[in-house]
Every structure is written in structure tokens, then in C-alpha cells.
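Let me begin by presenting the structure, written as C-alpha cells, before commenting on it.
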Amino acid sequence: MLFSRHPDSTEDSLLFDLLAGMGSPENGSDEPLTPTGRLVLQKEMNLVIYCAIGVKQPLDVDALKSMIQSSPMFTHPRFCSLLVQDSAGREHWRRTCVDIDQHVIPVYGPIAEGLSDEAAVNEYLIDLSTDLPGFLGDDKPLWDVHLLMAQRCMVFRIHHALGDGISLMSMFLALCRRVDDPEALPTIHPPSSAKMRRGGSGEWWKAVMRVLGVVWFTLVFVVEFMLRSMWASDWKTPVSSSAGMELWPRKLATARFWLEDMKAVKSAVANATINDVLFGIISAGLVKYLDHRSPNAVREGTQITGVAMVNLREQPGLQELSNLMKDNPGLRWGNKVGILLLPVHYHRSCGDPLEYLRKAKSMIDRKKKSLEAHFSYKIGEMVMSYLGARAATVLNYRIFCNTTFSISNMFGPHEEIAAVGNPITYIRVNVSGLPHALTLHMVSYVGRADMQIQVAKDIIPDPEFLAKCFEGALLEMKAAASTALNSKK
């Protein structure tokens, strides 16, 4: 996705060969978009990814241009193709020559007076999201890089049709190097493989019950999925969404968490995960915000539903870039994400902050027992293939309009990394084009997790306060976890 050294090693040369041979059109023919790629190009679901990457040292424009030109990014078919339409209106990729000066845009001087660097970068990201007509033309590939010189920040704007978060982050990591070992690639921890255990004759009934559980929870989701795609929606709250909200003016704020704090909270509830803690934070933070913003405006027990984006590749987590370039359909490059519907229930009085975590874990455990994410991906693919892009867009758009917020979470590098020898200080991601008043995107990096909070400012005028609600929720959970741990001693 971003930068790399010249491919002078065997490993880099192999990577270039894989990228150069992937999806190359034969005899100059165009390559059709995937169903998901067509979906995210529809005007109601026109999704663009923004990745802000801060660095320690001043940016060198010429060096960055040179490094991009010598990186796998310049041979990757998606990053070297124009979006074109045939006579039937179907979108295709057409290979082209890339002009680096059209894609790398230096921005000198302050972005806005009186703002901190963080606020200035967030302001610039929002301004970029309103400047889509020029970005979505047919004269260049659908990506560019904005170099904010005063803030020492690189902003990558990439259309979602080029790939999902896992694909793009995996490319980014392949093009960086570790600070403690400048010749080494960032570590991508391999997923733990769960081996099939052979139980005795008395274990068969447990397997049967697990299968029945999967069938039941999947059936429950299928019913909810179909209802959400038709008329069933969340009750109105001060943070509710509606059709057309993807066009509303936006604001952006950042919430910051320490992973050690999240791990301390996780240890207070048996078998909890970081994702459980994250959703517990969101649940508690939303209740805090609603109580402050509109006391007594939300009925007790009201469901506030989130839409979570889930990676569906055979191997969870970040991938080796070479794996994504191969023809293995379970791992290959592109968009391979499903959705989960994650409910938050509003309760004014919750004496123990860890109760939010317990409820989040219980709900997510049920989701793990279903094929919900896989079903959502397959049904969308089938509708796109047999009924067309318009029908698939209506299906997905209504699900988003009938829910309240969207959320994604990606685990980034564990060690400090550098791009073009410049150490990276933070990685933050947000997405535009969703009809939600509230979208949350979290990326972890070197012990810290930054969550971008993008809001429709006419609905949520104070995202900075909402960020403090989320940060305060984690600190309250950490204090409760510490108290619980001390009481056991």
C-alpha cells in the first residue's frame, strides 16, 4: 500500500514477480470488478478509506516519490488501473501508466490556525472526504497520497474497491521495515491453528450440540438480517441514522487507549478477548454520552445496533503479502468481509463497569457460534451476481440505515516500524460513504490503540466529548478490574 526499498533481495524480487503477474490483462483486455468491488462503487455505498500515518522526522517529498515508484505498489494491478465502464455500464479495470505527480500531493503550511496537529489532521481528513468528484474521475487510478508537511503526516486516500483493510494493511507492512532491525520486515504473527481433537465415544453428543448451536444462532441471524434489510430498525435515539446521511457534513475525533489497560480489563473476566473489551467500552461510552447529551431521552433497554466488519479469510488477522497475491481463493487480494449485527442495550444504572464487558462477551460468544458473517457475505455476493449491483446496494444500504453505528477493529504491528527510514508514530484509519451518524475504526500499533470517531456533526456535534466518554469507560473498567483482583488476594 505504501513504501518499500528497491527490491534488491530475493524476498523482494519474489514479491515483485507475484505482483507483476497478478491479474495482468491478456492481450490488453480489461479485467471485470469483483461483486464486492462493484458494490462499494455505487453512489449510496461509495466507500473510501483514509489512512493517516504520523512520522517522527520531516517528510522528504522527492525521496517518498522515488520510493513509491520503486515499490510493489507501482506494479500492483489495482493501483495501476483506471476504472472504466463498458457499453452495458459494467465496471472494469484497465491498466495504465501511473504519473507519480498526480498521486503524491505535498501540502505546505498550516492546515488551520489554532489547531493541534491531531485536530488539524482530522480536519484535513474530513475535507478530503468531501472532495470526491475529482478523486473518482476516470483519468487516474483510485488512490493518492497527501503529505502534510507541517504535521509530519502522510494521508493515504484509497477507494475500497482496490481492497479491504486486511489487504491494504498487509501491503503496507510488507513495504515497511522494523526500527530495531532496518533489514527486517514487520512481524506478522501467524494465527494459532486449532487442531481437531478426537473425543471418545462419550464426546459425540457435545459435537452434536455444537452443530445444533451453530444452526440455531445462524437461523436467528438470517431472520434478523432479512428483517433489517426490509423494515425492522432501531428505535430513534439522539445518535440515530437515516437514509441520505452519508452526504451530511462530518467531524472527526480520536480516542486513545493503551493495550495494557485493555489487557488488564480482559483478565478480570474469564476467557474475554480484546474485542470483547472494545465492545464493552463502546457500550459504556455510548450510555455515558447519551446520559450527558439527552438525559431521560432514551428508554430503558433500548437496543442500539452496530454493524461490525469482519475479515473472512481462512487465516484470521494480517496476511503475508505473498499469500494475498496467490490464487488461493481463501486468502487472495481484494474485499472479503462479512458483517455482524452487534446490539448495545441502554441501561442507566450499571453499578459495576465490568458488567458492560460481561454482556459484550456473552453477546459476541453467541455470534461466534453462528455463520452470520459468512452468510452476509454469501447472500450479498449472490444478490450481486443474479440480481445486479442495484439490488445488492439496496439490500446493504437498508441494513445500514436501519442500524445506528458501524465499527471495525484491526490489530497493527507490535513493534515500531519505519517507512523510508522514517519511524512511524501512529496509524489511524477512517472510512467515508456510510449512512451512519457514527462510525468507529480502531487500529493498534506498538502498545496503543487509536480509534477514529467520525460523526455527522448535525447529529453528534461534539465527537471530542464522545471520545472522552470512551476513554473514561476504559479507565473505569480498569479500576474495577484492579479492585476485583485485589479482593481475591
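The values are calculated or read from the model by the stated rules, or taken from the named source; none is laboratory data. This one's a predicted model, so the numbers in the text were calculated from it and none came from an experiment. Note that we place each Cβ from the backbone using ideal geometry, even for glycine, and neighbour counts take in every protein chain shown. SASA here: full protein model, heavy atoms, side chains in, ligands and nucleic acids out. Shrake-Rupley method; radii C 1.70, N 1.55, O 1.52, S 1.80 Å.
There is at least one residue in segment 5-24 that is at pLDDT below 50, in a loop (DSSP other than H, G, I, E, B) and within 25 Å of Leu148 (Cα to Cα).
The residues of segment 227-242 that are of a type in the set (A, V, I, L, M, F, W, C) and either modelled with pLDDT of 90 or more or over 13 Å from Val394 (Cα atoms) (or both), listed by number, are Leu227, Ala232, Trp235, Val239. The set of residues in segment 35-44 being in a helix (DSSP H, G or I) and of a type in the set (A, V, I, L, M) consists of Leu39 alone. Scanning segment 248-268 for residues that are assigned to a helix (DSSP H, G or I) and open to solvent by 40 Å² or more (accessible area, probe 1.4 Å) returns Glu260, Lys263, Lys266.
For the criterion of being touching a Pro at 6+ places or on another chain (Cβ under 6 Å), open to solvent by 10 Å² or more (accessible area, probe 1.4 Å) and part of a helix (DSSP H, G or I), Glu381 passes. Evaluated against (1) within 24 Å of the chain's Cα centre (by Cα); (2) under 25 Å from Leu357 (Cβ atoms); (3) among the β-branched types (Val, Ile, Thr), Val220 falls short on exactly one condition, (1). Looking at Thr273, Thr254, can you tell me which residue is of a type in the set (Ser, Thr, Tyr), at pLDDT 95 or above and closer than 30 Å to Leu39 by Cβ? When all the criteria are applied, what remains is Thr254.
Every residue in segment 152-171 that is on the phi > 0 side of the Ramachandran plot and open to solvent by 10 Å² or more (accessible area, probe 1.4 Å), please. Correct list: Arg152 only.
What about Leu438, is it over 30 Å from Leu64 (Cβ atoms) and modelled with pLDDT of 95 or more? Yes: the conditions hold for Leu438. Scanning segment 269-309 for residues that are hydroxyl-bearing (Ser, Thr, Tyr) and outside any loop (DSSP other than H, G, I, E, B) turns up Ser283, Tyr289, Thr305. Looking only at segment 392-406, residues that are at pLDDT 95 or above and either small (Gly, Ala, Ser) or over 20 Å from Leu247 (Cβ atoms) (or both) come to 1 in all. Restricting attention to segment 79-120, and to residues there that are of a type in the set (Val, Ile, Thr) and in contact with a helix residue (DSSP H, G or I) (Cβ under 6 Å, 6 or more places away or on another chain), which single residue is most open to solvent (accessible area, probe 1.4 Å)? Ranking the qualifying residues of segment 79-120, first place goes to Ile111. Restricting Leu2, Leu47, Leu64, Leu59 to residues that are aliphatic (A, V, I, L, M) and either open to solvent by 30 Å² or more (accessible area, probe 1.4 Å) or at pLDDT below 85 (or both) narrows the list to Leu2.
If you go through segment 302-340 and keep only what is over 21 Å from the mean Cα position of the chain (by Cα) and modelled with pLDDT of 90 or more, you end up with Thr302, Gln303. When segment 472-489 is filtered for residues that are among the charged types (D, E, K, R) and modelled with pLDDT of 85 or more, the ones remaining, listed by number, are Glu476, Lys478. Being more than 18 Å from Asn335 (Cα to Cα), among the small types (Gly, Ala, Ser) and touching a residue at least 40 places away in the same chain (Cβ under 8 Å): is that true of Ala373 here? So Ala373 does not fit the description; no.
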